[in-house]
There are 2 protein chains.
Amino acid sequence: MTIETMNIRQMCDAFDVTPRTLRFYEAKELLFPIREGQRRLFTKRDRARLKLILRGKRFGFSLEEIRQLLDLYHMDDGQEAQLSKTYELAKRHLADMEAQKAELDEAIAELKEQMVWGAEKLDQLNKEKSVAA
Amino acid sequence: MTIETMNIRQMCDAFDVTPRTLRFYEAKELLFPIREGQRRLFTKRDRARLKLILRGKRFGFSLEEIRQLLDLYHMDDGQEAQLSKTYELAKRHLADMEAQKAELDEAIAELKEQMVWGAEKLDQLNKEKSVAA
DNA sequence: CGTTACGTTTACGTTAACGTCAGCTTTACT
DNA sequence: AGTAAAGCTGACGTTAACGTAAACGTAACG
């Protein structure tokens, strides 16, 4: 069975972030650890959110953008008031990500081409060297 | 026939950036516009580089990382000294981008799933409304 | 019971990537 | 010649996302 809650150190080790980062995310209302006295306890929900946060960052979204998106993933059945708004936001992000994917594919192709060129050049240099030897 | 060189305003309009940005990139040695008196003239080479810069930024690379990568694209046949180093760097970036692509695919799939859930919820809310009417 | 380890709050510091503004040239009209 | 437009060079300001350090709490260990 997996641990229900984690302290700050366990979180840091699990996700490779600093305590400062976790406190910062809490201050920005991206995470909501519960308190045991004054210590923070991070729940399964916090861990799911953190995973999404870190992923979002890798794709170049700001913490504020991510915060809004998290609502879609953690919308409890109570407050569907903003659901429609959140849904629109998600649609925009999805479009964003798909555009990013298309461009990424192109960039990868181009870089590969350049590297073929580079490999040829390197090969050529090595041949010259072995002739000189 | 395409224009050989562009002034700063034409560049800004073409790439949707500010003059400050172009001067900043020059200061950081990412661009090397020639001078006509004190005015900058951006060549075809500068335009190619700027395109790569902006693309790199969208993938979350820092300007410094991008600056180093640009060497691979604009290595003239003279200074192949650093070619091998640059090649290694490009390999790392390529791996980076392919990892990013894999994760992006996953993220897109997950977000889509969430949106299906959201769509169902929205549908449900609309039905309740029309019953009430 | 002292101290070591882990955690907390508060607050100022830092870096990247520009924005903004002042003051000066140069070019383009009229 | 006068002046408006476009560009230039500093130089200081700004925002996001943390880093870092001080000063304190508390819980367990020897």
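Whether any residue in segment B:92-113 is touching a helix residue (DSSP H, G or I) at 6+ places or on another chain (Cβ under 6 Å), more than 30 Å from B:Val17 (Cβ to Cβ) and facing chain A (nearest Cβ under 10 Å) is what I want to check. Within segment B:92-113 (the criterion being touching a helix residue (DSSP H, G or I) at 6+ places or on another chain (Cβ under 6 Å), more than 30 Å from B:Val17 (Cβ to Cβ) and facing chain A (nearest Cβ under 10 Å)), the answer is no, since none of the residues qualifies. Among residues belonging to segment A:13-28 that are within 10 Å of DNA strand D (Cβ to nearest atom) and under 11 Å from A:Leu50 (Cα atoms), point out the one that is farthest from the other protein chains (Cβ to nearest Cβ). By that ranking, first place goes to A:Leu22. Looking only at residues in segment A:42-75 that are in contact with a strand residue (DSSP E or B) (Cβ under 8 Å, 6 or more places away or on another chain) and not in a helix (DSSP H, G or I), the one that is farthest from A:Met6 (Cα to Cα) is A:Thr43. Of the residues A:Arg47, A:Arg39, the single one that is within 9 Å of DNA strand C (Cβ to nearest atom) and away from chain B (no Cβ under 14 Å) is A:Arg39.
Of all the criteria given as (1) within 11 Å of DNA strand D (Cβ to nearest atom); (2) surrounded by 14 or more Cβ atoms within 10 Å (Cβ to Cβ), the one not satisfied by A:Glu64 is (2). Across segment B:1-35, the number of residues qualifying as surrounded by 15 or more Cβ atoms within 10 Å (Cβ to Cβ), under 18 Å from the mean Cα position of the chain (by Cα) and over 19 Å from B:His74 (Cβ atoms) comes to 3. Restricting the first member to segment A:108-133 and to residues that are farther than 29 Å from B:Arg55 by Cα, and the second to residues that are surrounded by 10 or more Cβ atoms within 10 Å (Cβ to Cβ), the beta-carbon pairs closer than 7 Å and six or more apart or on different chains are A:Leu125/B:Glu80. One residue stands out in segment A:1-36 among those that are more than 8 Å from DNA strand C (Cβ to nearest atom) and polar (S, T, N, Q): the one that is modelled with the lowest pLDDT, namely A:Thr2. Across segment B:109-127, the number of residues qualifying as surrounded by fewer than 13 Cβ atoms within 10 Å (Cβ to Cβ) and small (Gly, Ala, Ser) comes to 2. Of the residues making up segment B:3-41, those that are in contact with a helix residue (DSSP H, G or I) (Cβ under 7 Å, 6 or more places away or on another chain) and either of a type in the set (S, T, N, Q) or part of a helix (DSSP H, G or I) (or both) are B:Ile8, B:Met11, B:Cys12, B:Phe15, B:Thr18, B:Pro19, B:Leu22, B:Tyr25.
The values are calculated or read from the model by the stated rules, or taken from the named source; none is laboratory data. Remember, it's a predicted structure, so these values are computed and weren't measured experimentally. No Cβ is skipped: glycine too gets one built from the backbone with ideal geometry, and neighbour counts run over all protein chains shown.
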